[in-house]
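Structure record follows, encoded as structure tokens.
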Amino acid sequence: MKRLIQSALTALIIGATGLLGGGLDPVVINAKLIQVTSQALAKNYFYIEQEIETSSAKRALKKNIITLDDAIHKLQLKIKNPESKKIVEFMFFSIDELKSTIKQNYTAENGGLVLDYTEALYEGSGSIIKKSPFKLAPPMKNLTAMALLLERASKFYIAFRAGYTDDVNIQQAKEAVQSFQENLDTIKNFPFPGPLTNGPLRKLTKYWPVSKSFYLGIKKSDLPTIVFISTKHMKNAIRHIIDYYRTKGKVQKGI
């Protein structure tokens, strides 16, 4: 558990959910961890197989597996709804198959399976989140969504470069970019304090317009290193905003 708490992703999700006055909801926390981590895992997998940012991607992939294993077991303990229990069972299967697949030699078929299993985890965890009565409030709802959308956009970007050029994948990448833009436009209207406005928020608003063009250049896929690095920097900026409120213990008045 200590190892997980130290991860930026876990801190981001727990930091966001802990600001709402109702305590931490383990179902939402772990479902969100699975949703975001599954997308990051696929991204890292394809970067490794294409020998781009290999060292960073390998380190991240190991953490992704640890996070998924921990989150799915905790989710299973907390889920009571019969329909959601069936979804969690399928997610267990998907994670086991995913771990088995990434250990094998890379083939086009295995790459396709990684995409399929991570999409199943994305959809399954999203369904569980929707069923939960616990809801994130803005701006934390927007920030956690943005972290997920960055991973999704970069996942489909690098998968396209690996040969998975389906129109559906292209559309998913474009939708992730559009949704990120909408969430960013929303949080710009929040009265963030000076340290955030002049720091990480400023970085996001200045970094994104350029980065956006890279993600939308999916059909060229000629800037994979820049996409990898920009994803990491923007997620760090998002984490810094959430960490600020987490350490303060409350959301600024008016938010």
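Read the figures in this text as sums done on the coordinates, not as results from a lab. The structure displayed is predicted, hence computed values, not measured ones. Counting neighbours? That spans all protein chains shown, and the Cβs are built from the backbone with ideal geometry, glycine included.
Listed values, structure above:
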{"read-out": "J(HN,Hα) series, segment 44-55, from Karplus relation 6.51 cos²θ - 1.76 cosθ + 1.60, nearest Hz, glycine and proline x", "value": "5, 4, 6, 5, 5, 5, 9, 6, 10, 6, 4, 4"}
{"read-out": "Given charges at Cβ of Lys, Arg, Asp, Glu: the chain dipole, positive-most of LEU75, THR165, PHE190", "value": "PHE190"}
{"read-out": "Dipole moment magnitude, nearest 20 debye, segment 2-248 about Cα centre, only Lys, Arg, Asp, Glu C-beta charged", "value": "1020 debye"}
{"read-out": "Dipole axis of segment 88-144 (+1 Lys, Arg; -1 Asp, Glu on Cβ), positive-most option in TYR106, THR118, PRO133", "value": "PRO133"}
{"read-out": "By average C-beta atoms within 10 angstrom, highest first, the peptides 150-157, 103-110", "value": "150-157, 103-110"}
{"read-out": "Residue-averaged 222 nm ellipticity for the chain, from DSSP H runs of 4+ at -39500 (n - 2.57), nearest 500", "value": "-26500 deg cm²/dmol"}
{"read-out": "Extreme residue, positive dipole direction of the chain, given options VAL227, PHE93, ALA42 (C-beta unit charges)", "value": "VAL227"}
{"read-out": "Residue pairs, from the table LYS32/LYS78; LYS135/LYS174; LYS62/LYS220; LYS32/LYS174; LYS130/LYS188; LYS43/LYS99, whose Cα atoms sit over 18 Å apart", "value": "LYS135/LYS174; LYS62/LYS220; LYS32/LYS174; LYS130/LYS188"}
{"read-out": "Additional length obtainable on full extension of the chain from ALA108 to PHE92, 0.36 nm per residue less Cα span", "value": "3.4 nm"}
{"read-out": "Order by protection proxy (mean Cβ within 10 Å, highest first), peptides 43-52, 189-198", "value": "43-52, 189-198"}
{"read-out": "Residue-wise HN-Hα coupling along segment 195-204, computed from phi with Karplus coefficients 6.51, -1.76, 1.60 (Hz; x: Gly, Pro)", "value": "x, 8, 4, 8, x, x, 5, 4, 5, 4"}
{"read-out": "Distance cut-off 32 Å, percentage of C-alpha pairs in segment 2-248 lying past it", "value": "17 percent"}
{"read-out": "Segment 111-187 - Rg (one decimal) and Dmax (whole number), Cα, Å", "value": "13.6, 40"}
{"read-out": "Theoretical FRET efficiency, 1/(1+(r/R0)^6), r = Cβ-Cβ of TYR207 and LEU77, R0 51 Å, to 0.05", "value": "0.85"}
